[in-house]
1. Given the criterion under 20 Å from Ala373 (Cα atoms) and open to solvent by 10 Å² or more (accessible area, probe 1.4 Å), identify the matching residue among Ala577, Ala558, Ala551, Ala581.
2. Somewhere in the stretch 269-292, is a residue buried (at least 21 other Cβ atoms within 10 Å of the Cβ), at positive phi and within 33 Å of the chain's Cα centre (by Cα)?
3. Is there a residue being within 19 Å of Leu681 (Cβ to Cβ) and surrounded by fewer than 22 Cβ atoms within 10 Å (Cβ to Cβ) anywhere in the stretch 609-622?
4. When the stretch 592-602 is examined, which residues are found to be open to solvent by less than 50 Å² (accessible area, probe 1.4 Å) and either assigned to a strand (DSSP E or B) or in contact with a Ser or Thr (Cβ under 6 Å, 6 or more places away or on another chain) (or both)?
5. Would you mind stating whether Ala57 is within 18 Å of Gln313 (Cα to Cα), of a type in the set (Gly, Ala, Ser), outside any loop (DSSP other than H, G, I, E, B) and in contact (Cβ under 8 Å) with a residue 12 or more places away in the chain?
6. Answer yes if at least one residue in the stretch 626-637 is open to solvent by 30 Å² or more (accessible area, probe 1.4 Å), without any contact (Cβ under 8 Å) to a residue 60 or more places away in the chain and out of contact with any Pro (no Cβ under 8 Å at 6 or more places or on another chain), and no otherwise.
7. Can you name every residue in the stretch 328-348 that is open to solvent by less than 80 Å² (accessible area, probe 1.4 Å) and touching a residue at least 12 places away in the same chain (Cβ under 8 Å)?
Amino acid sequence: MAGKAAGAVTRNSSGMGALSPEQWVRFYRTMYLSRRTDDRELLLKKQQKIFFQISGAGHEALLTAAGMALRPGYDWFFPYYRDRALCLALGQTVLDQLLQAVGAGTDPQSGGRQMPSHWTSKALNLVSPSSSTATQCLHAVGCAEAGQYLAAHPEAAKGTCGPNDYRAWKDVKFRGDEVVYTSIGEGSTSQGEFWEALNSASNGRLPVLFVVEDNGYAISTPVEANTPGGNISRLVANFPNFHFAEIDGTDAQASFAAMQEAVAYVRERKGPALVHGHVIRPYSHSQSDDERQYRVREELEADALRDPLGRMQAWLIQEGLLNEEQVNALEREVNDEVRRAADEALAAPLPTVASIPLHVYSEDVDPCGNAFATEPVVSGSNAGERTMADLINSTLKDEMRRDERIVVFGEDVADASRDQHLKSGALKGKGGVFKLTAGLQAEFGSERVFNSPLAEANITGRAIGMAVRGLKPVVEIQFFDYIWPAMHQMRNELSVMRWRSNGIFSSPLVMRVPIGGYLTGGAIYHSQSGESIFTHTPGVRVVMPSNALDAAGLLRTAIRCDDPVLFLEHKRLYREAFGRAAYPGPEYMIPFGKAKTLRKGTDATLVTYGALVPRALQAAQRLEREKGISTEVIDLRSLSPYDFEAIADSVHRTNRLLIAHEDMRSWGFGAEVAARAAEELFHDLDAPVRRLASMDTFVAYQPVLEDVILPQAEDVFAAVAELVAF
């Protein structure tokens with residue numbers, strides 16, 4: 001184990017030589033500025049002029065030390081909501097912070113969208129945090145990976161591209177010795193993402209500085225109830241490649257010495273570091289909390305004796321850096337600064353209602369526009385019809401040749417992690433459980449195609465950090481059935497990064513996910529659908545092709561666009577004879593939100609997607625043959641956004657609508673289409689809108705049960721016939 005042994009508390013009572021006298025005075029000023037900003041927010045909350053307050057009081061020495069040991073605009077920062085002093089030390093102003101507290105339209109961090117203490121700055125490389133605990137640890141890991149990749153592949157940072165390419169809007173910058181900072185409270189060390197981040201940082205010897213701000217309480221839960229043994233340093237001590245330090249985080253000199261040592265270790269590329277600082281929490285968790293209900297008076301009095309402001313002030317006077325009169329003058333100056341900033345923030349204009357929809361999606365690249373509508377160009381060598389799996393693989397290869405920023409990772413996606421055997425020819429390689437990434441590692445190398453740990457949140461969180469830096473991660477979740485550990489990252493981080501930062505940061509990655517049943521034996525854990533859960537999430541595009549040509553065109557659009565995309569691939573369709581096509585060339589794209597009419601009809605409109613498409617076409621042919629019913633079949637292809645105009649145009653002619661999908665009927669995607677049709681197409685309808693879907697249960701293993709649970713072509717036939725007979 002590198003660095004200090006876990007459990008050892010580093011102390012440095014003199015510490016004078018680490019900084020100049022002027023810097024030590026600035027150190028104290030930053031600490032005091034942070035505390036007084038907290039106090040001003042508390043006052044404003046009591047006056048009902050702001051709506052939430054959570055303080056960094058008691059953490060000031062540790063965080064000012066971190067801010068002064070690191071380089072703003074050079075290193076990268078993924079903080080949490082107690083890091084006020086860090087952000088002030090990096091160069092944020094009190095006004096910046098108070099504009100967020102009042103929710104001003106001129107708030108430079110979120111435009112009134114985020115609650116206070118979620119500091120953001122593009123100039124400082126201060127990445128928008130969320131209120132979710134520990135999620136940012138994985139973003140920091142991904143950011144560090146991206147920095148290392150860009151340092152090794154500087155040409156990737158340039159990229160020649162047109163305006164309809166995410167790269168045109170990503171200002172990529174990197175330094176060969178940059179450090180990525182991330183911090184959490186000791187309570188957050190219970191979260192799986194913290195351990196997943198340590199795992200990946202250790203394995204990759206990544207330049208990440210983890211800071212644990214241990215004030216002894218996760219809201220009201222004391223550390224011994226949260227952490228086995230009551231000390232996180234003892235638990236993490238055996239992670240290889242790490243530098244560890246456990247310190248008294250109320251001691252400014254010890255904090256700076258520890259931060260300086262940890263930063264040097266990381267900057268020299270020896271590996272990651274973790275600094276565990278014992279701090280205090282002199283105020284309640286937030287102003288919504290009253291700690292007197294769970295902390296005794298004696299404990300609070302003991303904490304007060306360790307207050308870092310009092311300790312630092314006494315040290316400055318003892319060392320002769322300031323006298324009492326100078327301390328008082330400095331504090332009056334800070335008090336005036338905070339008061340002026342508060343007055344200015346309260347006078348700032350409020351955000352406009354018109355700003356609400358801005359930055360849900362990219363305003364720079366519209367993947368629904370005509371620029372993404374290109375014609376297939378089939379060359380002689382690609383003239384033969386191939387499966388959806390083949391065309392996805394070919395599209396990935398062409399896009400990776402075009403764009404060096406694309407990295408592909410996930411569970412089992414590499415040909416072989418032990419690539420020496422791949423290079424020697426001893427192994428053919430795997431390339432995914434469905435072989436869709438076969439050959440990518442062999443062609444593009446292990447830096448661009450690699451396996452992840454068996455952890456879906458790890459995949460997603462790291463990809464978010466990479467995408468923030470300007471890479472284009474194309475990641476794979478091995479089965480939709482196991483996407484749920486990633487749901488927290490997807491809903492609270494991926495989808496909202498652009499909106500919550502008011503367009504300052506974004507994470508336009510692609511998540512490829514095999515989905516669906518009809519597998520014969522897939523059962524509960526290999527047959528799930530659930531796409532409506534993700535179409536219910538703003539900020540993410542959701543597409544689901546039913547055939548090879550659409551898969552190639554939509555995947556290329558997903559990779560080149562500037563939004564995060566959930567790319568759902570139906571497993572049953574990977575190698576079916578239905579929907580095979582010749583490879584359409586390296587520039588073929590399909591805009592999102594454009595449905596395709598597969599069969600014209602006059603008696604009923606059948607809207608579907610995914611594996612129901614071939615079943616719908618079978619049913620439509622039989623309806624024409626046996627009952628003379630002419631059914632128009634529409635493949636949505638894109639679910640968010642979806643092409644309601646195509647549906648409306650069809651219903652205007654057929655006067656009947658059936659929506660068929662594989663997911664459960666109740667609360668499924670069809671419910672949204674049906675509700676909108678009832679609202680907007682009522683006068684065109686000659687019959688009630690119908691839905692056909694799976695039973696409201698799970699997919700069983702025995703085919704006799706599976707065939708009844710999932711909608712079949714016979715069910716589509718019966719539903720359309722019944723609708724037309726109404």
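1. After ruling out the rest, the residue left standing is Ala581.
2. There is at least one residue in the stretch 269-292 that is buried (at least 21 other Cβ atoms within 10 Å of the Cβ), at positive phi and within 33 Å of the chain's Cα centre (by Cα).
3. no
4. Initial filter on the stretch 592-602 (open to solvent by less than 50 Å² (accessible area, probe 1.4 Å)): 592-593, 595, 601.
Selection gives Phe592, Gly593, Gly601.
5. Working: within 18 Å of Gln313 (Cα to Cα): yes; of a type in the set (Gly, Ala, Ser): yes; outside any loop (DSSP other than H, G, I, E, B): no; in contact (Cβ under 8 Å) with a residue 12 or more places away in the chain: yes.
It is false that Ala57 is within 18 Å of Gln313 (Cα to Cα), of a type in the set (Gly, Ala, Ser), outside any loop (DSSP other than H, G, I, E, B) and in contact (Cβ under 8 Å) with a residue 12 or more places away in the chain.
6. yes
7. Those that are open to solvent by less than 80 Å² (accessible area, probe 1.4 Å) and touching a residue at least 12 places away in the same chain (Cβ under 8 Å): Leu330, Glu331, Val334, Asn335, Glu337, Val338, Ala341, Ala342, Ala345, Leu346, Ala348.
Yes or no, residue by residue, for (1) modelled with pLDDT of 95 or more; (2) touching a Cys at 6+ places or on another chain (Cβ under 7 Å); (3) farther than 22 Å from Met589 by Cβ; (4) among the small types (Gly, Ala, Ser):
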residue: Val607; (1), (2), (3), (4): yes, no, yes, no
residue: Pro614; (1), (2), (3), (4): yes, no, yes, no
residue: Ala620; (1), (2), (3), (4): yes, no, yes, yes
residue: Gly628; (1), (2), (3), (4): yes, no, yes, yes
residue: Glu632; (1), (2), (3), (4): yes, no, yes, no
residue: Leu639; (1), (2), (3), (4): yes, no, no, no
residue: Ser650; (1), (2), (3), (4): yes, no, yes, yes
residue: Thr654; (1), (2), (3), (4): yes, no, yes, no
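The values are calculated or read from the model by the stated rules, or taken from the named source; none is laboratory data. Keep in mind it's a predicted model, so treat the numbers as computed, not measured. All Cβ positions, even for glycine, are placed from backbone atoms using ideal geometry, and neighbour counts span all protein chains on display. Only protein heavy atoms, including side chains, enter the accessible area calculation; ligands, DNA and RNA are left aside. Shrake-Rupley method; radii C 1.70, N 1.55, O 1.52, S 1.80 Å.
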